[in-house]
Every structure is written in structure tokens, then in C-alpha cells.
Amino acid sequence: MTEPLRGWMIRTSLCAAVFSLLLPQLARAQSEADLKTFFEGKRVTVKLDMPGTSDGIDAHVAATPAIDLQDYVQDLNRYGAAIGAGESVTVTLVKTKRDLVEFQLNGGGFGTFGDDTSTTVYIPLVEKSHREKELEEKIDAEQNSRRRRELERDLDELRERRERENRSIMAERERASEIKRAHVAEQRSRGGSRFNLRYASSVPAGLGPGDLMAVLAEYVDFSGRPVDAPPVAVPVTAQTLVAPRKGLSRLEAERLYG
């Protein structure tokens, strides 16, 4: 085999190997582009309350049920509902990753854009002054009982003053935190939410709009029906997602658990 032919075969093999590695990424990029073109900007109606967080709702595509109801209810209790069952919303972003498709609604949820999710305000407390520390050292070293008592009175006054200031600071800290909690809750209520569609190994190559609608059909109405139109399915809310109870009818069980 001649050297030019050997070199050509090596280059061809390398190109084929690189292409095989890039092919899934190229397919995923094309799939994402198709999904974005089809869905983004469209109005859809959700069939369940959605928590006000960028964590959204995890839906494991191959699992039954796809959504862990316990986690779902905990998130609703913790974050509140940013989108109510039966509400019409805008698809603001569709993003594919290796084993995940993000389906973001009305902004994707509070925290998506680096929002400050903390609900506490830190105001530093007053620390011991140099004079306090100095008095403590003098008291330890003082042998005269009368002089020692005088130093202790001075120390007590300084300590009581510092503790009063710290009580005021803690009260102000709690007032400020209460205001911030209300602000964060208000921001969460209008920050949207999202579905995180999780696949066992990887997002299927060539995933199209129809495939995504089929996966989300239980939770999202894509028909474009007006908000006040009669719903096709009974909306799922935090109140309906409860444990089975005695006397639960077959119809109720089917609505709750499929």
C-alpha cells in the first residue's frame, strides 16, 4: 500500500469517527431547533397547578406515574402555585440537553435568571468592644475586691448596652426578612414554571413536536382552547393529589391515578 493511499485511508477513518461522535449532537441540535420553532411563543393550557420555582416539575418519561406526587405536593406547599390548573400560558423556551428536555412556561420559574431566592436578611450583631475585653482582663487580674466590683459594674453596663442594641438589630432583621419573604412570594407567583422531561439514557434522536405533545398530553392542553372553555379533563390540583381514602369511587380513582 502506497503512503498517499495509507494517509488517505487514515484521514477518512478519522473523519468518519469524528462524524459518528458529532452525529447525535447534530441530531439533537436539529431536534431542538424544530421544537423551538414549533412551540416557543405558543399558548397552551396546563392541567395542573405548577410550583413557582425554576426547579419546575420533573416528569420521568419512562416511569409510571411520570411525576412523583409526593415531591410535587411538597413543592407546591413550599413555593406556592405560579400557574393554576386550567390557566393559559406562553411557552417561553424549549431546551434539550443530553437526557433532558426543558419546557419552560411564562419565564421558566422564579430563579431562572439568577433571582435572589433567599428569604432572610442579614444584619450583623454588635460584637464585644475593645473596652469590654479590656475590662474582662482587668477583672481577672484584679486582687482588690472593691476595685474588682467597680470594674464589674462598668463591664455590666457595657454588656447591657450591647445586648440592647443586638435585640433591636434582631427585631429589625426579622422585620426586613418578613418584607423580603412577601416580596419573594410575590415574585414566585408571577415567575412561571416548567416541565423537566427526563429520559432514562438520552433524548431520542429526531424528537419532534408531536412526540413532545404526546409526552405532555396528560398535563398540557395544546389545542389552543380559550381559558374559559369547558376543560376536557379534570384539572389536577394539590387538593386532589391525596392518598387513596376509604370510599373513593372508581371514577375519582381513575381521575387521580389513571
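The values are calculated or read from the model by the stated rules, or taken from the named source; none is laboratory data. Since we're looking at a predicted model, the values are computed, not measured. For neighbour counting, all protein chains shown are included, and Cβ atoms are generated from backbone atoms with ideal geometry for every residue, glycine included.
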Quiz item: Within the group GLU127, GLU152, which residue is modelled with pLDDT of 95 or more and outside any helix (DSSP H, G or I)?
Solution: GLU127
Quiz prompt | Tally of residues being at positive phi and in a helix (DSSP H, G or I) across the range 167-203 | solution = 0
Quiz item: Restricting attention to the range 245-256, does a residue exist that is part of a loop (DSSP other than H, G, I, E, B), within 25 Å of the chain's Cα centre (by Cα) and either surrounded by 11 or more Cβ atoms within 10 Å (Cβ to Cβ) or modelled with pLDDT of 50 or more (or both)?
Solution: no
Quiz item: Consider ILE123 against the criteria (1) free of Cβ contacts under 8 Å to residues at least 60 places away in the same chain; (2) among the hydrophobic types (A, V, I, L, M, F, W, C); (3) closer than 30 Å to SER31 by Cβ: it satisfies all of them except one. Which criterion is unmet?
Solution: (3)
Quiz item: Which residues, counting only those in the range 190-216, are surrounded by 16 or more Cβ atoms within 10 Å (Cβ to Cβ) and small (Gly, Ala, Ser)?
Solution: GLY191, GLY192, SER193
Exercise. Output the number of the condition that GLU102 fails; it satisfies all remaining conditions of (1) surrounded by fewer than 21 Cβ atoms within 10 Å (Cβ to Cβ); (2) touching a residue at least 12 places away in the same chain (Cβ under 8 Å); (3) out of contact with any Asp or Glu (no Cβ under 8 Å at 6 or more places or on another chain); (4) not in a strand (DSSP E or B).
Key: (4)
Quiz item: Just one of the numbered conditions (1) within 30 Å of ASN196 (Cα to Cα); (2) in contact (Cβ under 8 Å) with a residue 24 or more places away in the chain; (3) loosely packed, with under 15 Cβ neighbours inside 10 Å is not true of PHE113; which one?
Solution: (2)
